[in-house]
Amino acid sequence: MSLINKEVSDFNVQAFQNKAFKSVTKKDILGKWSVFFFYPADFTFICPTELEDLADKYAEFKKAGCEVYAVSCDSHFVHKAWHDASKRIQKITYPMLADPTHALSNDFEVYIEADGMSERGTFIVNPEGKIVAYEVNAGNVGRNAEELLRKLLACQFVHQHGDEVCPAKWKPGAETLKPSLDLVGQL
């Protein structure tokens, strides 16, 4: 079953960000774009490469009006310990959400009960709190922050221009399509 247009359920979780603990709730995501970046666990192998890649693009996400939330089933204390211990993770300034009760992982349908952790799931959530794009990868395949940013910008474009769609590899400024019945025969 697709999660497109599913509204994110209410939540209240602890987070680690900028050397401090804080709470993050559904209210915090409403009114702006969000990316929920689920990963299996802290102190692992592929995860720090992905999170560092995302940290390198974070300013561009912020410029686009989007907050990034890294999410694992670890506690906020474990996030802090990992941040303190890893040079790659020290680059992160976006919130690292703690999901030890699996509330978020279950809501986004990425929780692996047998392993006690989540899949590598990436979700773009619009300002109304609805999922508009997502991708779930096998645990042994890392993701690309540049492509995620491109998808975010495309989602934002079609959100603003409902009568236009973005073709493959679309980037801001590139030509879009206006679907019509007249075009059907040309396809």
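The values are calculated or read from the model by the stated rules, or taken from the named source; none is laboratory data. None of the values given here were measured: they were computed from a predicted structure. For neighbour counting, all protein chains shown are included, and Cβ atoms are generated from backbone atoms with ideal geometry for every residue, glycine included. What goes into the accessible areas is simple: the full protein's heavy atoms, side chains included, and nothing from ligands, DNA or RNA. Shrake-Rupley method; radii C 1.70, N 1.55, O 1.52, S 1.80 Å.
Length gained on full extension, Ala41 to Thr101, computed as 0.36 nm times the residue gap minus the Cα-Cα distance: 20.2 nm. Computed from the C-beta positions of Ala168 and Asp56 and an R0 of 25 Å, the FRET efficiency is 0.55 to the nearest 0.05. Entry for the chain at q = 0.08 Å⁻¹: log10 I(q)/I(0) = -0.26, Debye formula applied to identical alpha-carbon scatterers, no solvent contribution. Listed by chain and number, the aspartates and glutamates whose alpha-carbon sits under 15 Å from that of Lys80, ignoring those within fewer than 8 places in the same chain, are Asp42, Asp99.
Between Glu113 and Val158, the FRET efficiency estimated from the beta carbon spacing at R0 = 45 angstrom works out to 0.80. Between Glu135 and Ser180, the simple spin-label model (points 7 angstrom out along Cα→Cβ) gives 3.2 nm.
Do the sum for the chain: with -39,500 (n - 2.57) for every DSSP H run of n ≥ 4, divided by all residues, what is the mean residue ellipticity at 222 nm, to the nearest 500 deg cm²/dmol? Calculated mean residue ellipticity at 222 nm is -9000 deg cm²/dmol.
The residues of the stretch 77-146 present an accessible area of 47 Å² per residue when probed at 1.4 Å with all protein chains retained. Shown here for the stretch 96-182: trypsin sites (Lys or Arg not before Pro) in loop regions (DSSP other than H, G, I, E, B) with at most 10 other Cβ atoms within 10 Å, namely Lys169.
For the cross-link pairs Lys26/Lys151; Lys19/Lys130; Lys63/Lys171; Lys151/Lys171; Lys32/Lys62; Lys22/Lys63, the ones whose C-alpha atoms lie over 18 Å apart are Lys26/Lys151; Lys19/Lys130; Lys22/Lys63.
When only the Cβ of Lys, Arg, Asp and Glu is charged (+1, +1, -1, -1), the dipole of the chain relative to its Cα centre reaches about 600 debye. The slack between Leu30 and Ala85, meaning 0.36 nm per residue of separation minus the straight C-alpha distance, is 16.5 nm.
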